[in-house]
Amino acid sequence: MASSVKVAAKAGRAVQPKPSLTDLQRFVEHEVRLLDEQRFEEWLDLFADDGIYWVPAKAGQESPRNHVSLFYDDKPTLKIRIQRLRHPAIHSQNPRSQTVRLVSNFRLERPAQDPSLYLVLSKFIMFEDRPDHERRLFAGHYSHTLRATSDSFEIALKRVDLTNCDQTFSALTQPF
């Protein structure tokens, strides 16, 4: 291994060490912390320009094109969603939600089609509290498809599979 690094370095190629599961886990934990702290613009910056945020509305849904989704947003649509969340007159967020997310059971898988991507699987629980309104609990699985950048990662796809995705929900405004 050390000799291949030396050969690559002599050839003038930058050698990026493969990230550990801990590195990827820290990135996901940072991402959900930004959401809990309502730092939505910073959260949006974690997405690749071609990044997608997807919450299927059907268990085991294979494509957002063959069934309706709870969310299926590209980066420009996420930007609009954040602008709406920030609007002072947003009825569904008066008072504003407070959230806490717990993420655990991290696993790393490599998508076979692209060796530059990292698939990080985890389980989550999200508690949403709005004073004088309902308290809600969501749970499910995260699938983060991450792409390495020069100094960190970017989200190519964040898929959120809710355990109760096929239920009826009152307005969903907070990203999972």
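Cut-off is 10 Å between beta-carbons; in what order do Ile155, Ile82 appear when sorted fewest neighbours first? Walk me through the numbers before you get to the answer.
Details: Ile155 22, Ile82 16.
Listing Ile155, Ile82 from fewest to most nearby Cβ atoms yields Ile82, Ile155.
Quick check on the exposure proxy: order Asp45, Asp151 from fewest to most C-beta atoms within 10 angstrom.
Details: Asp45 12, Asp151 5.
In increasing order of surrounding Cβ atoms, one gets Asp151, Asp45.
Please list 3J(HN,Hα) in residue order for segment 167-176, calculated via the Karplus relation 6.51 cos²θ - 1.76 cosθ + 1.60 where θ = phi - 60°; whole Hz, with x for glycine and proline.
7, 8, 10, 6, 2, 9, 10, 7, x, 7
What is the fewest-to-most order of Asp74, Asp50, Asp132 by other Cβ atoms lying within 10 Å of their Cβ? Display every interim value, and only then the final one.
Working: Asp74 14, Asp50 11, Asp132 5.
Ranking Asp74, Asp50, Asp132 by Cβ neighbours within 10 Å, fewest first, gives Asp132, Asp50, Asp74.
Restricting to bridges with both residues inside the chain, how much of the DSSP beta-bridge set is antiparallel, in percent to the nearest 5? Please list the in-between numbers first.
On the way: 37 of 41 bridges.
Counting DSSP beta bridges with both partners in the chain, the antiparallel share is about 90 percent.
With N set to the residue count of the chain, report its C-alpha Rg divided by 2.2 N^0.38 Å to two decimal places.
Working: Rg = 18.1 Å, N = 176, 2.2 N^0.38 = 15.7 Å.
That ratio works out to 1.15.
May I ask you to evaluate 6.51 cos²θ - 1.76 cosθ + 1.60, the Karplus curve with θ = phi - 60°, for each residue of segment 58-72 and list the ³J(HN,Hα) values in order in whole Hz, giving x for glycine and proline?
Going residue by residue, I get 9, 4, x, 4, 8, 8, x, 8, 9, 7, 4, 10, 5, 9, 8 Hz, with x marking Gly and Pro.
Can you work out the Karplus-derived ³J(HN,Hα) for every residue in segment 24-37? Use 6.51 cos²θ - 1.76 cosθ + 1.60 with θ = phi - 60°, whole Hz, and x for glycine or proline.
Per-residue couplings from phi come out as 5, 4, 4, 4, 5, 5, 5, 4, 6, 5, 4, 5, 4, 8 Hz.
Here, each number is a calculation from the coordinates, and none is a lab measurement. Everything numeric in this text was worked out from a predicted model, so none of it was measured. Cβ: placed from backbone, ideal geometry, glycine included. Neighbour counts: every protein chain shown.
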